[in-house]
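Here is the structure we will look at, set down as structure tokens.
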Amino acid sequence: MRPFSSLLFVCLICSQLHSTHAGEFSRTEYIEFIQSSSKFLDFRGDYTKGEIEIVTDPQTMAAIEKNTGRDVGIVMKDKYWIWTNDACIFPNGTTGVYGRILWVKSLEGVPGVAVMPMTADGKVVLNCNFRHATRSWEIELPRGGLNSGEAPEAAARRETAEETGMLVEELIFLGEMPPDTGLTNTIVPIYMAKVIGKEDTQQEDSEAIEDILYLTMGEIKQAFVRGYLEHTIRGVHHKIPFRDPFLAYAIFMYDLKSPLL
């Protein structure tokens, strides 16, 4: 066998061994995490009731992994996110793998908040924010994660001040929404808040909030209909996508609840 062919053969064998080890390791880590964190898997489901049931038996997990060719268990994690591939039984009785992304903070309770700050003249305060995930400018409500031991209402006030400079009071709970039920377990409470003052913003190093906008309810609804808001950023004219689901939910709930507020 030629040296290059030998090297290729060894690489293929090592790759296969790594893949097998990764599967065993991720399944073991998954089971250990279930045992140590009650919220990691607090509802396993029952496929006989039309639900997607999560399998936690190690041998069955290994069999489903082999049949699907997909790694089962904790695929990857860091201090913010846990990517799991759950072995599942679907309502029709077939088995397979379903992936999801868990926000680590969600295992401790409420992971984050979103706020709709309103000025005395009825305008909504919004961020013009460059988002890494969509690789585009977005118009959004201020929002963010909770610090350790922080109450949601305190986080709402802090995030609003940090991102927009607005000082708020009289937080009113509008409801809660899951940003993407097909991908993540995150459920975020959304508040309306009255602006009572202003200070300098203190955005984090990783944030790219360029401008703070003040829009009326009518302007917001028109922008949603168009799908964009025209705005100039550093001398360049943009048609910025207008599609923030948190804002859409907040406006909808505000319209429903405003007669009761």
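The values are calculated or read from the model by the stated rules, or taken from the named source; none is laboratory data. Bear in mind the structure is a predicted one, so any value in this text is a computation, not a measurement. FYI the Cβ positions are ideal-geometry reconstructions off the backbone, even for glycines, and counts take in every protein chain you see. We work out accessible area using only protein heavy atoms, side chains counted, and drop any ligands, DNA or RNA first. Shrake-Rupley method; radii C 1.70, N 1.55, O 1.52, S 1.80 Å.
Give me, ordered by chain and number, the residues 5 or more places off Thr186 or on other chains with an amide H under 5 Å from its own placed amide H. The list, which skips near neighbours in sequence, is Trp103.
So which of Lys105/Lys239; Lys39/Lys66; Lys198/Lys221; Lys105/Lys194; Lys221/Lys257 end up more than 29 Å apart, counting from Cα to Cα? Going by Cα-Cα distance, Lys105/Lys239 fall outside the 29 Å limit. Here the gap between Ser36 and Asp78, fully extended at 0.36 nm per residue and compared with their Cα-Cα distance, gives a gain of 13.4 nm.
Build a GNM of the chain with springs between Cα atoms under 10 Å apart, and of Tyr80, Tyr30, Tyr249 the one that fluctuates most is Tyr80. Among Thr160, Thr184, Thr94, the residue with the largest mean-square fluctuation in a Gaussian network model of the chain, with springs joining Cα atoms closer than 10 Å, is Thr94.
The simple spin-label model puts a point 7 Å past each Cα toward its Cβ; for Ala151 and Leu183 those points are separated by 3.3 nm.
Along the Cα→Cβ direction, 7 angstrom out, place labels at Thr56 and Glu170. What is the inter-label distance in nm? Distance between the two pseudo-spin positions: 4.7 nm.
Computed from phi, the 3J(HN,Hα) profile of region 233-250 under the Karplus parametrisation 6.51, -1.76, 1.60 (θ = phi - 60°) reads 10, 6, x, 10, 7, 10, 9, 7, x, 10, 7, 4, x, 5, 5, 4, 5, 4 Hz, with x in place of Gly and Pro.
When only the Cβ of Lys, Arg, Asp and Glu is charged (+1, +1, -1, -1), the dipole of region 94-242 relative to its Cα centre reaches about 540 debye. In order along region 46-58, the phi-based Karplus estimate (6.51 cos²θ - 1.76 cosθ + 1.60, θ = phi - 60°) of 3J(HN,Hα) comes to 9, 5, 6, 9, x, 9, 8, 8, 8, 8, 10, 6, x Hz; Gly and Pro are listed as x. Taken over the Cα atoms of the chain, the convex hull encloses 207 Å³ per residue. At an R0 of 22 angstrom, the distance between the Cβ atoms of Thr201 and His132 translates into a FRET efficiency of 0.70. For the pair Tyr98 and Lys257 in one chain, pulling the backbone fully straight at 0.36 nm per residue adds 53.6 nm over the alpha carbon distance.
Taking the 1.4 Å solvent-accessible surface of region 29-111 as the whole, the part contributed by carbon and sulfur is 53%.
Would you look at the GNM of the chain, springs on alpha carbons closer than 10 Å, and say which of Ile187, Ile31, Ile74 moves the most? Of Ile187, Ile31, Ile74, the Gaussian network model singles out Ile31 as fluctuating most.
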